[in-house]
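Asks: Let me give you the structure first, and then I'll get to my questions.
Taken together, the values in this text are just the output of simple stated rules run on the coordinates, not laboratory data. Predicted model only: the values in this text are computed from it and were never measured. Note that we place each Cβ from the backbone using ideal geometry, even for glycine, and neighbour counts take in every protein chain shown.
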Ligand code: GLA
């Protein structure tokens, strides 16, 4: 076995050295990001219960920058503390990528079954390589089972200008017989030894996505995930762990996010003998067995990790920066203000009512007109037509061109809604291809929203899907596609692939990515929005192929602040699509001022979704004014650094965006309800240049950044649902 890694060249990023170091005696690798270090070791032998075990991959260090010499010493000291007590294995919690088998009792990242039902991996290090390409450093540690033909490559990638460490593995069957995989996580993240661990995570349901929860983890395993075939409304693949003392502004936070848009699972495991690991990857309990055929490989999705030292706010800004630089395509462009017709016309779309809405949308300053559901096949309600992607000739007798031309004449781009992964049983597509849906033979094909899920794991379905959308985009001047997905997986059967049905969980997502990638390549001017009944498919995997996400079908201003606060823990405002809709809202029938609804939606990519035909002239004028104001500050909101000044509450809450050069900032402040005549507190800002002076719109005084940080901005909000947008500009002497 030859270990080939040597030190690869350093990048200088903002004066920081970024790269990979290697000590070939101790077999320790050190990844250096601009602000952190991460080390693993694969000592030639380690002793466990008096037995010498070869090639155990150990986690050594993750945190503030250290040297390679530090990492080598830590690796030695760590092992000197190992327990030799019976009933325990020192490998538990200490390994970088724990496999099932041998002297291990903690949850494994990899569980495989070989011939003869051997459910144990014993691997050897077979090679390693470190490469450096276009600002990215990649480390690959290659292992192979000592007897069975399974190779496992453990990958790491660090990229310019970010402390995010990307991890994934590749499992390859190098033999001639099938290997069954029960679990292949992308990574196990090992935390430092702390007295206590607090988990932050995101929960929700339809209309109530990405709500932040914090809870202490005691010994045992906390699992979360999705078994619905999509990322889900119910949990989002992100975690953050701190020792219970971190705040928005201070403290060590370890966080991680999975770039995957299908079922997934995280397990945060706090061991009774000490230590904490978070394992995560694709698939849930129905994942296995995944049958890896001879010569086949499975690449797991990236599970990225980030250590930050300045609280939850800095952790979020780290993720935003990473997403903007390395995940989203075209992140440096501004997203337009869109109008979407769903809440106005529902399924009753036609040329006339869409043109009428378009005229109003243009009047208030919208730049993109998006026609939602109901334009195709026999889709005049949600019982029929899904799958038949032909323009409905009764509603659009001359096709979409007259509407699109009118939208262009009004100065807007045109966008359209599709839901390509779905079919109504009452459709030509289903009548022709009843076998194209997930189903089990002899079992009911249960419907949800009167629809079934197409088996996109099949390549013929993927090709059909690409062709439908390619035709739509080739025949019409469409610049925006809202890609919806309104039904989760049930009856996950694939009868024509009966010997490997579990593959549908992964192949569906890979083919979805494939269709999106092909469409983007064929139609580079078209932007895509990921929607799944609102925010059911928001993750770093889909963000690599879309331009924005529909955050939630819930557009109630006060609810949205909570959803947006959770969303912002990981994802950037640049991708957060928000609409202003009508009141009373259909979920929480309350009345909230138009201005407040706008201010809530201005915290991301502003859109309008109300029924403009019902808006008064005064409301349209107010909307026009607010949209004009948004356009002036949107590059700050969409590309600036986000500071959550005060979390959503019944009282005062606020978010702030600061440009990278700190010359401009935007504050959006909201008052839920005033109580007992109390004035809301002064709003302390963040992230400004303390010595620079700033002028704040709507205020007579000029303050220094220091004064704004320490004394604050005396926002004058009162009553219920009051709100304000303040634009701060640096005053040059
Ligand atoms: C989902 C979406 C909505 C709308 C409808 C159309 O619910 O989240 O925004 O597009 O589908 O059927």
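Asks: May I ask you to work out the translational diffusion coefficient for segment 449-549 at 37 °C, viscosity 0.692 mPa s, via Stokes-Einstein with Rh from the Kirkwood sum over Cα pairs, reported in whole µm²/s?
Replies: 227 µm²/s
Asks: From a point 7 Å beyond the Cα of residue 476 in the direction of its Cβ, which residues of segment 403-434 have a backbone N at a distance under 19 Å?
Replies: Label zone hits: 403-424, 428-429.
Asks: Rounded, prolate or oblate: pick one for segment 405-512, where a ≥ b ≥ c are the square roots of the eigenvalues of its C-alpha gyration tensor, a/c under 1.5 means rounded, and failing that, prolate if a/b is larger than b/c, else oblate. Write down the numbers at each step before the final one.
Replies: Working: a/c = 2.61, a/b = 2.14, b/c = 1.22.
It is prolate, given that a/c is not under 1.5 and a/b is the larger ratio.
Asks: If you don't mind, there's one more thing I want to ask. Listed highest first by mean packing, meaning other Cβ atoms within 10 Å per residue, what order do 101-107, 480-486 come in?
Replies: So the order, starting with the most tightly packed, is 480-486, 101-107.
Asks: Mind ranking 570-579, 45-54 by how tightly packed they are, going by the mean number of other C-beta atoms within 10 angstrom, highest first?
Replies: 570-579, 45-54
Asks: Order of 319, 194 from fewest to most other C-beta atoms within 10 Å? Please report the intermediate quantities before stating the final value.
Replies: On the way: 319 28, 194 17.
With the fewest neighbours first, 319, 194 line up as 194, 319.
Asks: Please report, to two decimal places, log10 I(q)/I(0) for segment 559-607 at q = 0.18, 0.19, 0.23, 0.26 Å⁻¹ as given by the Debye formula with identical point scatterers on the Cα atoms and no solvent.
Replies: Debye intensities relative to I(0), on a log10 scale: -0.54, -0.60, -0.83, -0.99.
Asks: Okay, next question. Just want the ordering: 637, 608, 391, from fewest to most Cβ atoms lying within 10 Å of their own Cβ.
Replies: Lowest count first: 391, 637, 608.
Asks: Taking only the alpha-carbon atoms of segment 69-158, what semi-axes of the equivalent ellipsoid follow from 5 times the gyration tensor eigenvalues under a square root, in whole Å, largest first?
Replies: 25, 22, 10
Asks: Tell me the label-point distance for the pair residue 616, residue 499, using the 7 Å Cα-to-Cβ offset, in nm and rounded to one decimal.
Replies: With each label point 7 Å from Cα toward Cβ, the separation is 7.2 nm.
Asks: Can you put 217, 671 in order, fewest other beta carbons within 10 Å first?
Replies: Exposure proxy ranking, most exposed first: 217, 671.
Asks: Rounded if a/c is under 1.5, else prolate if a/b is larger than b/c, else oblate: which is segment 271-391, with a ≥ b ≥ c the root eigenvalues of its Cα gyration tensor?
Replies: oblate
Asks: Residues in segment 556-571, backbone N under 19 Å from the label point at residue 382 (7 Å along the Cα-to-beta-carbon vector): list them, ranges by number please.
Replies: Residues passing the 19 Å test: 556.
Asks: Something else about it: Ratio to report: Rg/Rh of the chain, with Cα atoms as the point set and Rh obtained by the Kirkwood method; give two decimals.
Replies: On the Cα set of the chain, Rg over Rh gives 0.98.
Asks: Once the piece of chain linking residue 586 and residue 435 is laid out straight, how much longer is it, given 0.36 nm per residue of separation minus the C-alpha distance between them?
Replies: Gain on extension, residue 586 to residue 435, equals 50.7 nm.
Asks: Here's a follow-up. Take residue 459 and residue 699, extend 7 Å from each Cα along the Cα→Cβ direction, and tell me the distance between the two endpoints in nm.
Replies: Taking the simple label geometry, residue 459 and residue 699 are separated by 6.2 nm.
Asks: Per residue Cα convex hull volume for segment 184-311, in cubic angstrom?
Replies: 116 Å³
Asks: Right, here's the next one. If you average the alpha carbon positions of segment 88-117 and of segment 437-461, how far apart do those two centres end up, in angstrom?
Replies: Going from one Cα centre to the other spans 36 Å.
Asks: Mind jotting down a quarter of the surface of the convex hull over the alpha carbons of segment 589-733, in square nanometres, one decimal? Mind dumping the intermediate values first?
Replies: Working: hull surface 37.9 nm².
Here the figure is 9.5 nm², rounded to one decimal.
Asks: What percent does the relative contact order of the chain come to when contacts are Cα pairs within less than 8 Å and at least six residues apart?
Replies: Relative contact order of the chain: 9 percent.
Asks: Measure off 7 Å from each Cα along the Cα-to-Cβ vector at residue 517 and residue 195, then give the distance between these two points in nanometres to one decimal.
Replies: Result for the modelled spin labels: 4.9 nm.
Asks: Stretch residue 625-residue 676 to full length: gain in nm at 0.36 nm per residue minus the Cα-Cα span? Write down the numbers at each step before the final one.
Replies: Details: separation 51, 0.36 × 51 = 18.36 nm, distance 3.27 nm.
That pair, residue 625 and residue 676, stretches by 15.1 nm at full extension.
Asks: Here is a further query. Does segment 601-663 classify as rounded, prolate or oblate by the C-alpha gyration tensor (a ≥ b ≥ c root eigenvalues; a/c under 1.5 gives rounded; else a/b over b/c gives prolate, otherwise oblate)?
Replies: Oblate.
Asks: Just report the Cα centroid separation between segment 126-141 and segment 653-723, whole Å.
Replies: After rounding, the separation between the Cα centres reads 46 Å.
Asks: Per DSSP helix of 4 or more residues, -39500 (n - 2.57); summed, then divided by the residues of the chain. What does that give at 222 nm, rounded to the nearest 500?
Replies: Working: 13 runs with 146 residues, N = 733.
Helices in the chain give a 222 nm mean residue ellipticity of -6000 deg cm²/dmol.
Asks: Next question. Expected output is a single nm value to one decimal: the length gained when fully extending between residue 88 and residue 299, i.e. 0.36 nm times separation in residues minus the C-alpha distance. What is it? Before the final figure, lay out the partial values.
Replies: Values: separation 211, 0.36 × 211 = 75.96 nm, distance 3.22 nm.
Working it through step by step, the gained length comes to 72.7 nm.
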